[in-house]
1. Has the range 131-146 got at least one residue that is touching a residue at least 12 places away in the same chain (Cβ under 8 Å), loosely packed, with under 15 Cβ neighbours inside 10 Å and within 16 Å of ligand 1 (Cβ to nearest atom)?
2. Could you look through the range 110-135, keep only residues that are under 12 Å from residue 84 (Cβ atoms) and either in a loop (DSSP other than H, G, I, E, B) or β-branched (Val, Ile, Thr) (or both), and pick out the one that is nearest to ligand 2 (Cβ to nearest atom)?
3. Do you know which residues across the range 30-49 are more than 25 Å from residue 75 (Cα to Cα) and either in contact with a Gly (Cβ under 8 Å, 6 or more places away or on another chain) or among the acidic types (Asp, Glu) (or both)?
4. Would you point out which residue out of 202, 162 is at pLDDT 95 or above, away from ligand 1 (no atom under 12 Å from the Cβ) and surrounded by 16 or more Cβ atoms within 10 Å (Cβ to Cβ)?
5. Looking at (1) surrounded by fewer than 22 Cβ atoms within 10 Å (Cβ to Cβ); (2) away from ligand 2 (no atom under 16 Å from the Cβ); (3) closer than 25 Å to residue 339 by Cα; (4) at pLDDT 95 or above, which is the one condition that is false for residue 227?
6. Could you tell me which residue of the range 165-177 is farthest from residue 52 (Cα to Cα), considering only residues that are among the aliphatic types (A, V, I, L, M) and in contact (Cβ under 8 Å) with a residue 24 or more places away in the chain?
7. Might you let me know whether the range 148-161 holds any residue that is under 20 Å from residue 52 (Cα atoms) and part of a strand (DSSP E or B)?
8. For the range 74-94, give me each residue that is in contact (Cβ under 8 Å) with a residue 60 or more places away in the chain, in contact with a Ser or Thr (Cβ under 9 Å, 6 or more places away or on another chain) and not in a strand (DSSP E or B).
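The values are calculated or read from the model by the stated rules, or taken from the named source; none is laboratory data. Fair warning: this is a prediction, and the values are worked out from it, not measured in the lab. Backbone-built Cβ (ideal geometry, glycine too); neighbour counts: all protein chains shown.
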Amino acid sequence: MTSVPLPQMPVAAPPAAPEHARQGLRDSHGRVIRDLRLSVTDRCNFRCTYCMEPDDRFLPRQQLLGLNDYLHIIDAAIGLGVTKLRITGGEPTLYPDLDAFIEAAGRRPLDDIAMTTNGWALDPRRVAAWKAAGLHRLTFSLDTLRDDRMAAITRSRTSVATVLESIDVARDAGFARPKINVVLQTSVNDDEAVHFAALARTRDLDVRFIEFMPLDSGRHWDRSTVVTAAQTKAAIHAVFALEPETAAHAAETSTNFRFADGAPGRVGFIAPVSNPFCGACNRLRITAEGMVRPCLFSTDEWDVRPSLATGRVEDVQALLQDATWTKQKGHGIGSKEFSQPARGMRAIGG
Ligand code: SAM
Ligand code: SF4
């Protein structure tokens, strides 16, 4: 399968937001952005089937932003009211300046700094240093507990045990109740929901099932490949009774449950396809080379590099405000107008 060329989108400056929008980061639908998802690399050592194709091309290294650029963007965003940062990619642990980046981000006034990783062979000393520097949360992606499927899904030689060891490393470093993201696909791993729930119980983990979204660069997604949150929850509830937990905040994308018998661990369900939560979205994404994406499903994206080049934080802030104002009301998956973005999840930053 030949992958889709990048990018196929306009990169001109966004239209200027009206004057009354220039307080913090506001979109034209009344939503306020607090959560910045920053991709620090487009590289990955896995080729997960629901995300990448084996022949996906990475950008030339010189096109990726540098450490100071990322920090400049964070400072601009914090000045506009962003309180949460998620470090993502590609695989963020492949970013050469990751340790320095976390150290510097940890000194910023942020309420929450989290990172998502595929969990490939994390070094205990590095993980401990991230924790000490102010990384609050680590999320691991793991879609199967079977090694034969691990090889087929990730198209890598990584074993399930390797990722579980990394999760233990995170816990030992002080990351309480690490989180696992699971993407179930029909006839691929849809029989593993209960196994993951059992894992959550025995290891006191927070397992989140995310519906497969049309963000795979191979464009194999169709509605029949999606295992819905309702199906996954029903499968688990039939074996381990679940009790709802109250949402921590309004922008929480996951509906979370504890086990009724008091066992440790939790499960949560993220349903962007079957039950979209766009109305409460408070996120803005920036790709590793500096494209601002107001929505995961944006087909327009805006280049922050000209604003970075001036060295003035106000210029970056104006660009972020203008881009945010263009944020679409919803993703529209399933509607006639929906069109899958040119970028896959790996090139956006999940
Ligand atoms: N490489 C890291 C990882 O896998 O955790 C971080 C980047 S990855 C793009 C971030 C998250 O996006 C992962 O949890 C992954 O499972 C999820 N993801 C990727 N493609 C997806 C898709 N098409 N639908 C739903 N989730 C997807
Ligand atoms: Fe890489 Fe993460 Fe995408 Fe898998 S989900 S291919 S680990 S970026």
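1. Within the range 131-146 (the criterion being touching a residue at least 12 places away in the same chain (Cβ under 8 Å), loosely packed, with under 15 Cβ neighbours inside 10 Å and within 16 Å of ligand 1 (Cβ to nearest atom)), the answer is no, since none of the residues qualifies.
2. Here the residue is 113.
3. Step one: filter the range 30-49 for residues more than 25 Å from residue 75 (Cα to Cα), giving 44-49.
Result: 44, 49.
4. Numbers: 202 fails: surrounded by 16 or more Cβ atoms within 10 Å (Cβ to Cβ).
Of the residues listed, the single one that is at pLDDT 95 or above, away from ligand 1 (no atom under 12 Å from the Cβ) and surrounded by 16 or more Cβ atoms within 10 Å (Cβ to Cβ) is 162.
5. Going through the list (1) surrounded by fewer than 22 Cβ atoms within 10 Å (Cβ to Cβ); (2) away from ligand 2 (no atom under 16 Å from the Cβ); (3) closer than 25 Å to residue 339 by Cα; (4) at pLDDT 95 or above, residue 227 breaks only (1).
6. As a first pass, look at the range 165-177 and keep what is among the aliphatic types (A, V, I, L, M): 167, 169-170, 173, 176.
Cutting the leftovers down to in contact (Cβ under 8 Å) with a residue 24 or more places away in the chain gives us 167, 169-170, 173.
On the way: 167: 24, 169: 27, 170: 26, 173: 31 Å.
Taking the candidates together, the pick is 173.
7. Filtering the range 148-161 for residues under 20 Å from residue 52 (Cα atoms) gives 148-160.
Keeping just the survivors that are part of a strand (DSSP E or B) gives none.
Within the range 148-161, none of the residues are under 20 Å from residue 52 (Cα atoms) and part of a strand (DSSP E or B).
8. Residues satisfying the conditions are 76, 80, 89, 90.
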